[in-house]
Amino acid sequence: MAAIGCFATEPLTAPPRFAGLENVLLAPHSIAMTIECVRDMGRAAFQVMVDLSLGLKPRGALNPELFERLEFQAKWKKFQKR
């Protein structure tokens, strides 16, 4: 099985020769770039900034241990004062 999402030239103007193979899945590189996805990414990024400015830990942090580091806490306090 092969799943391919990046091509030398995009967008594809014609399917590549191997597109007809049963074990090949092709997906556009920007498959998730819908209006809704871009809108929601902007909202999520803005909400993180609001949460941080209010002293709240944002939802979904990939490295929540960062909030316990003294260096980050010092930067976070400076950010909240603005």
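The values are calculated or read from the model by the stated rules, or taken from the named source; none is laboratory data. Fair warning: this is a prediction, and the values are worked out from it, not measured in the lab. Reconstructed Cβ throughout: ideal geometry from the backbone, glycine too, with neighbour counts over all protein chains shown. What goes into the accessible areas is simple: the full protein's heavy atoms, side chains included, and nothing from ligands, DNA or RNA. Shrake-Rupley method; radii C 1.70, N 1.55, O 1.52, S 1.80 Å.
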*Only residues in the stretch 41-58 that are part of a loop (DSSP other than H, G, I, E, B) count as the first member; pair them with residues that are of a type in the set (Asp, Glu) and open to solvent by less than 90 Å² (accessible area, probe 1.4 Å), Cβ under 9 angstrom, at least 6 apart or cross-chain, and list the lot.*
Lys57/Asp51; Pro58/Asp51
*Limited to the stretch 35-82, what total is found for residues that are touching an Asp or Glu at 6+ places or on another chain (Cβ under 9 Å) and open to solvent by 60 Å² or more (accessible area, probe 1.4 Å)?*
2
*Single residue of Ala19, Ala8, Ala2 found to be open to solvent by 80 Å² or more (accessible area, probe 1.4 Å) and either of a type in the set (Gly, Ala, Ser) or touching a residue at least 60 places away in the same chain (Cβ under 8 Å) (or both)*: Ala8
